[in-house]
Structure formats: structure tokens, C-alpha cells
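Peer 1: Got a structure for you, questions after.
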Amino acid sequence: MSQPTIESILQEKRLFPPSEAFAKAAHVNSLEAYKQLYEKAKLDPQKFWAELAETELDWFEKWHTVLDWQPPFAKWFDGGKINITYNCLDRHLLTWRRNKAALIWEGEPGDSRTLTYAQLHREVCQFANALKQLDVQKGDRVGIYMPMIPEAAIAMLACARIGATHSVVFGGFSAEALRDRLKDGQAKLVITSDGGWRKDAIVPLKDQVDKALADGAVPSVKDVLVVKRTNQEITMQPSRDHWWHELQPGMSAHCPPEPMDSEDMLFILYTSGSTGKPKGVVHTTAGYNLYTHITTKWIFDLKDTDVYWCTADVGWITGHSYIVYGPLSNGATTLMYEGAPRASNPGCIWDVIQKYGVNVFYTAPTAIRTFIKMGEHLPMSRDLSSLRLLGTVGEPINPEAWMWYQRVIGGGNCPIVDTWWQTETGGVMITPLPGAVPTKPGSATLPFPGIIPDVVDLDGTPAADNEGGYLVIKHPWPGMMRTVFGDPDRFRKSYWEHIPPQDGKYVYFAGDGARRDEDGYFWIMGRVDDVINVAGHRLGTMEIESALVSHPSVAEAAVVGRPDEVKGEDVFAFVILEGAQEPSEALAKALKQHVVNEIGAIARPSEIRFAEALPKTRSGKIMRRLLRTIAAGQEITSDTSTLEDRSILDKLREGV
Ligand code: PRX
């Protein structure tokens with residue numbers, strides 16, 4: 001693990017309080033109100049969460065125990081019976097929201113669809129009945145590998161309706177990566193589509209599923225359900241593959257929600273860590289429902305008249321929590337967009353905001369930096385006056401990008417919520433509540449009520465104000481991950497053993513460096529492990545190294561992140577070739593493509609540097625710190641006395 005270092009944002013002193021008008025209408029409407037909520041939650045977390053569970057969610061049966069905490073394993077609302085789709089759909093049908101837009105969808109080619117709560121409920125029930133017909137039962141795992149179309153959300157909700165566990169795999173992952181995830185989760189069924197639109201081209205999703213399942217590679221998968229989207233030719237295997245549009249007409253729109261135990265598994269979502277293969281992060285039902293519900297309500301300050309748009313893909317946790325479950329549980333109108341800025345329409349994001357009068361907009365710093373690069377004339381030539389609140393997630397935002405976002409997109413009068421959280425945390429953990437907390441550009445500000453973060457050293461001793469350290473969470477919360485699928489030991493080791501328990505209390509180790517300033521504001525400084533963040537996508541350097549080493553020409557590889565103006569970081573790989581292999585441009589290209597095939601285009605190295613040897617300590621550990629410095633093109637000023645052979649460094653700088 002590397003020691004977090006304090007960066008230049010230490011100098012950032014600007015403070016932006018919410019406008020009086022915004023605060024007045026907000027769910028949490030003053031700093032005082034936030035502090036009261038925070039103190040109340042801190043004093044008696046269980047009482048705080050139990051009250052919210054009672055008032056915000058509908059239950060089939062009430063829980064008997066709010067929190068059963070046997071570190072690191074938590075059970076929330078044990079004994080309760082609930083179904084998240086009842087809270088996301090059925091309960092709204094009993095109100096005027098029945099005919100409110102639940103999901104507004106815009107396709108990349110410009111087609112669109114709006115589903116009211118009643119319509120979405122109907123489609124989810126039909127889809128759920130189709131799953132039943134294909135023999136999917138409560139507790140079974142279902143893989144979802146979809147483009148950004150309404151059926152992606154419908155498929156997730158349909159699984160949750162009948163108690164099947166979904167495992168969504170981002171459509172940008174390769175067939176290999178999909179296969180690994182389906183295998184690990186022992187999926188019974190895969191839901192996909194013929195293809196999806198991505199930058200004016202078709203992503204052939206069904207072909208990738210065929211590859212992933214070829215030669216019986218995932219024996220647990222019995223059926224594949226295919227949604228028609230792009231209409232290109234695909235092969236359907238008669239005994240295995242089924243078209244959704246052929247099944248749908250025969251499906252009843254009646255499908256009662258399965259009463260789930262609070263702790264029944266809702267979904268698995270794979271994420272990268274510093275060691276080994278991606279981990280299957282497990283989230284369960286009631287706690288996740290409550291946590292995504294209340295964070296959505298207070299952080300995005302949702303009003304019934306709002307059109308809310310989160311630009312994430314449903315293949316990531318942000319899509320799960322803040323496109324699907326959180327907004328729908330609140331009865332909000334959530335917008336889903338298939339497209340991305342592309343040559344044929346670089347201003348498409350602003351077109352969508354203008355077309356639907358989007359009020360709340362949530363995106364990633366890397367997207368904001370791309371928008372800056374494309375030029376302000378694009379947003380400036382659209383009417384963005386409907387916007388009233390902006391959000392960011394996924395990586396630290398540099399103050400300049402924050403200021404641009406505020407000025408150009410927000411027109412100077414939208415609060416910005418910089419939300420820090422992770423796949424593992426289920427929902428946002430550190431964030432301003434927009435009507436209450438004055439913001440500082442580049443800071444995620446203060447913890448959500450009920451969340452007790454700290455910055456500590458490796459012994460668990462809290463850092464002084466403005467001193468860098470490791471970010472930890474000191475009390476369990478309802479949205480926390482429960483385990484790593486099939487590997488509870490890895491759960492314990494990855495998150496609960498880096499920092500020794502404090503006064504017998506276990507702390508959650510987030511893997512991020514942070515500092516807390518004199519006002520108690522948190523400044524996240526990025527990962528402290530071997531995880532890199534490329535355009536908001538989290539990648540394990542080990543995973544990319546394994547992919548490289550699986551190529552017959554490669555003997556050894558070391559991957560580091562290199563700072564990139566737009567993507568935050570990009571992938572830089574040092575490669576040592578097998579015996580007689582000669583380095584060449586063609587080989588570098590082939591290796592890049594090999595990584596794309598093994599993991600996906602998001603992991604493609606931007607540079608391969610061939611080397612004769614890697615810098616190692618006398619005990620044989622690769623000195624990644626040095627490699628990062630070399631990749632960034634900087635002078636090595638740090639201590640290299642533990643390095644076995646110093647001449648290696650010069651060679652690495654030039655490559656062979
Ligand atoms: O390093 C932090 C960064 O993203 C990591 C979590 O990645 P993932 O599980 O893919 O989830 C991303 C979306 C929730 C964190 O460990 N990160 C996320 N949000 C922020 C952030 N870093 C700084 N500021 C943020 N707002």
C-alpha cells in the first residue's frame with residue numbers, strides 16, 4: 001500500500017453556500033438541520049435507521065432486530081419481509097404517481113420511450129413471468145449483459161420481483177470477462193440483447209455471450225433471453241436462446257412480489273481489487289433498499305416534478321443505485337440515455353437535457369473534463385435553464401473542472417454534490433446535502449447522516465487535521481456490502497484487516513487516501529492500493545498484468561496508472577518479453593488488443609514499454625512507486641536504496 005500524499009488542493013479555500021431559494025425548498029434545508037440529523041444518527045444509529053425504515057419503506061412484515069453485527073458480518077432488519085420492487089413500483093400505483101413517468105429513455109439513434117409507473121410495473125411483471133417460465137427460481141443467479149435500454153432496468157427489477165439474484169456485467173466487458181463472472185456466480189440464465197448502440201456503431205452483445213458460453217464453458221447457464229434492439233443478424237441456438245418479443249405476448253401482467261427476507265441476496269456486482277480476480281460484491285435486500293432510497297432523496301433533493309438524470313451505465317453500481325433502485329423507490333422520474341458524445345453529435349448530452357427539461361444531473365469528473373475539452377459552445381448553444389442541481393461521482397474532481405461545471409453547466413446557480421462512495425458501500429457516503437452544506441470545489445465535504453468516517457494511519461490512529469491518511473468507516477450502515485460471493489474470507493481480508501480494530505471495534509478500510517480539513521471536510525486523494533481509476537472505471541493492475549502475461553510472448557508485466565488530463569489516469573504497462581521475442585510496434589499493438597479481448601476496451605493500455613527487467617526490492621517485490629514515476633515522465637527523487645540494481649531505471653526510461 002502506498003502512503004497518501006497531500007496534493008495541491010490543500011490551497012483550495014473557496015466556499016459556496018446554497019442559495020436561499022434552494023435551501024428553503026430542500027428536504028434538508030440548513031446546516032443546522034444537517035447537524036441535528038447527523039448528531040441524532042451518531043447518538044443512536046439503530047434508532048435513526050429504524051425510524052427511516054418505518055417511515056420510508058413498505059414492509060410485508062416488520063423486522064425483529066435492527067442490526068445484528070458480528071464483525072465483519074452485518075444483518076440489518078433481520079426478521080423483516082420486503083420486496084424492493086414493491087417499494088419501487090407497486091406502492092406508487094396506489095397513488096397519483098400511477099401515471100407519472102417512471103422511466104424516460106432516449107436511444108442513441110434518437111428513438112425514445114417513456115414508461116409510466118403503471119407501464120413499468122406491467123413490463124416487469126411480464127418479464128418476471130418469463131423468467132419463471134424459464135425455470136428461474138428464488139435464489140438463482142441471473143446474468144444481465146445489456147445495453148442502456150429500458151429492458152436492462154426491467155430485467156433487474158424482474159429478477160428482484162421473483163427473488164432471483166442479478167449479476168449485471170457492464171456491456172463494455174469482453175466475452176472472457178463475462179465468462180469469468182457468469183462462472184463465478186454460477187448463473188442459470190443470461191439476459192442480453194442482439195446489440196447496443198455505442199458511438200454510431202453496434203456493440204454485438206449476443207455474439208459476446210455466444211463466445212462466453214462456447215463449448216459449455218459455463219455449464220450452469222441453461223437459457224439465454226434476448227431482447228431485440230439493433231436488428232442485426234445473430235445466431236439463435238434453438239434449445240438455449242429465446243427472443244423476449246416472442247415470449248412477451250404470452251406473459252401475464254400479474255406477478256405478485258416474492259416476500260424476501262431482509263438479508264436475502266438482491267444482487268452481485270463484480271469489482272476490481274488489488275489482488276486476484278474481480279470480487280463479487282454482495283448486496284442484500286432491505287438495507288440496500290433503505291440506503292439507496294434515503295440517499296437519493298436527501299442528496300438529489302428529489303421533487304415530484306423533477307426529471308432526474310444519472311449518466312452512468314447500469315453495469316456499474318452507480319447505475320444500480322442511482323438510475324434504478326434509489327430513484328424508483330422514491331417515485332421519481334429517472335432518465336436513461338443509451339448514447340455518449342460522439343463525432344456525429346458531440347453536444348448530445350445537452351440536447352437530452354434541453355429536450356426533457358432535466359432538473360438534476362449526475363455525472364463523472366472524467367465526463368466533465370471531456371466536455372471542457374470539446375468546448376463550451378456546445379452547452380452554451382442549448383437551453384440548460386431547467387437544471388437546478390448537479391452531481392459528480394467516481395473519482396476526485398479537480399477544482400478547475402468543478403468551477404467550470406458550476407459556471408457553464410449550472411449557470412452559476414446550481415449546487416454541486418461531489419459524492420464519494422464505492423461499489424462496496426451500496427450508496428453515497430460522503431457528500432454535501434445540497435440545501436444544507438456549503439461546498440468547496442474538490443471536496444466531497446461531510447458524511448451522510450449515520451456514516452462515521454475517519455482518516456487514520458495503519459495503526460488506526462486518527463490523523464491530525466489536514467494530514468493525509470487512510471479513509472475508514474467506523475460503524476456499519478444499511479447499504480454496506482455483506483460479503484464477497486462465495487468467499488467470506490476474502491471479504492474479511494480485503495476490508496476489515498488492514499487496520500486493527502479500535503477498542504475492539506472493527507473499521508471498514510475503503511482503499512482510498514484522504515485528509516480532513518479544519519472544518520471537518522473530507523478531501524479524497526485516490527486509491528492507496530493497486531487499483532487504478534481510468535475514466536471513472538475501476539481496474540485492478542493485477543488483472544491487467546495477468547491478461548498480459550497470458551499472452552505467449554510475455555514473460556512478466558507490471559501495470560501502473562499514469563496521470564491523464566481527461567481520464568484521470570490511463571493504463572501504462574511495462575512488459576518483459578519471453579526469451580527470443582523482439583520488441584516491435586506490431587507486438588505492442590497485439591498486446592493492447594489482447595488486453596481488450598481478455599478484459600474489455602476500458603483496460604486497453606495506452607502505452608506498452610518493453611523492458612529488460614523491472615525494479616525490484618531485494619525481497620523480489622516490484623517497486624511500483626518507481627514505475628509510476630517513470631510512467632509519468634518524472635525524475636526519481638525518492639529513495640531507491642532498497643532497489644537491487646539501479647541501472648534498471650535508466651533502461652526503463654528509454655525502453656528497449
Ligand atoms: O477511489 C474512489 C473513487 O472510486 C472508487 C470506487 O469505485 P467504484 O467501486 O467503481 O464506484 C464508483 C462509483 C461509486 C473509490 O474507492 N471515487 C468514487 N467517488 C469519488 C471517488 N474519489 C473521489 N471523489 C469521489 N466523489
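The values are calculated or read from the model by the stated rules, or taken from the named source; none is laboratory data. Because the structure is a prediction, the values reported are computed rather than measured. Cβ: placed from backbone, ideal geometry, glycine included. Neighbour counts: every protein chain shown. The accessibility values were calculated without ligands, DNA or RNA, using every heavy atom of the protein model including side chains. Shrake-Rupley method; radii C 1.70, N 1.55, O 1.52, S 1.80 Å.
Peer 1: Which condition breaks for THR370 when tested against (1) away from the ligand (no atom under 16 Å from the Cβ); (2) buried (at least 17 other Cβ atoms within 10 Å of the Cβ); (3) within 26 Å of ALA23 (Cβ to Cβ)?
Peer 2: (3)
Peer 1: Looking at (1) open to solvent by less than 10 Å² (accessible area, probe 1.4 Å); (2) charged (D, E, K, R); (3) in a loop (DSSP other than H, G, I, E, B), which is the only condition GLU424 fails?
Peer 2: It fails just one condition, (3).
Peer 1: Scan segment 388-395 and give yes if some residue there is open to solvent by less than 20 Å² (accessible area, probe 1.4 Å), more than 15 Å from the ligand (Cβ to nearest atom) and not charged (D, E, K, R), otherwise no.
Peer 2: Among the residues of segment 388-395, at least one is open to solvent by less than 20 Å² (accessible area, probe 1.4 Å), more than 15 Å from the ligand (Cβ to nearest atom) and not charged (D, E, K, R), which makes the answer yes.
Peer 1: Name the pairs: first residue in segment 516-529 and farther than 17 Å from THR445 by Cβ and open to solvent by less than 20 Å² (accessible area, probe 1.4 Å), second residue in a loop (DSSP other than H, G, I, E, B) and more than 9 Å from the ligand (Cβ to nearest atom), Cβ to Cβ under 7 Å, at least 6 apart or on different chains?
Peer 2: VAL528/MET1; VAL528/SER2; VAL528/PRO4
Peer 1: So if I check each of LYS505, LYS474, which one is more than 17 Å from LYS279 (Cα to Cα), outside the structural domain of MET403 (by TED's automatic domain parsing), modelled with pLDDT under 95 and open to solvent by 10 Å² or more (accessible area, probe 1.4 Å)?
Peer 2: After applying the criteria, what remains is LYS505.
Peer 1: Run down TYR38, TYR86 and say which single residue is closer than 22 Å to GLU258 by Cβ, outside any loop (DSSP other than H, G, I, E, B) and open to solvent by 20 Å² or more (accessible area, probe 1.4 Å).
Peer 2: TYR86
Peer 1: With respect to the numbered conditions (1) out of contact with any Pro (no Cβ under 9 Å at 6 or more places or on another chain); (2) part of a helix (DSSP H, G or I); (3) surrounded by fewer than 23 Cβ atoms within 10 Å (Cβ to Cβ), which one is the sole condition not fulfilled by PHE170?
Peer 2: Failing condition for PHE170: (2).
Peer 1: Being open to solvent by 30 Å² or more (accessible area, probe 1.4 Å) and out of contact with any helix residue (DSSP H, G or I) (no Cβ under 7 Å at 6 or more places or on another chain) is the filter here, so list the residues in segment 89-127 that pass it.
Peer 2: Across segment 89-127, the qualifying residues are ARG91, LEU94, THR95, TRP96, PRO109, GLY110, ASP111, SER112, THR114, GLN119, ARG122.
Peer 1: Just one of ALA555, ALA535 is of a type in the set (A, V, I, L, M, F, W, C), open to solvent by 20 Å² or more (accessible area, probe 1.4 Å) and touching an Asp or Glu at 6+ places or on another chain (Cβ under 6 Å); which is it?
Peer 2: ALA555
Peer 1: May I pose another question? Quick one: in segment 397-413, of everything that is assigned to a loop (DSSP other than H, G, I, E, B) and open to solvent by 10 Å² or more (accessible area, probe 1.4 Å), which residue is nearest to the ligand (Cβ to nearest atom)?
Peer 2: Step by step, filter segment 397-413, then rank; the result is ASN398.
Peer 1: Do we find a residue being more than 21 Å from the chain's Cα centre (by Cα) and open to solvent by less than 30 Å² (accessible area, probe 1.4 Å) anywhere in segment 308-330?
Peer 2: no
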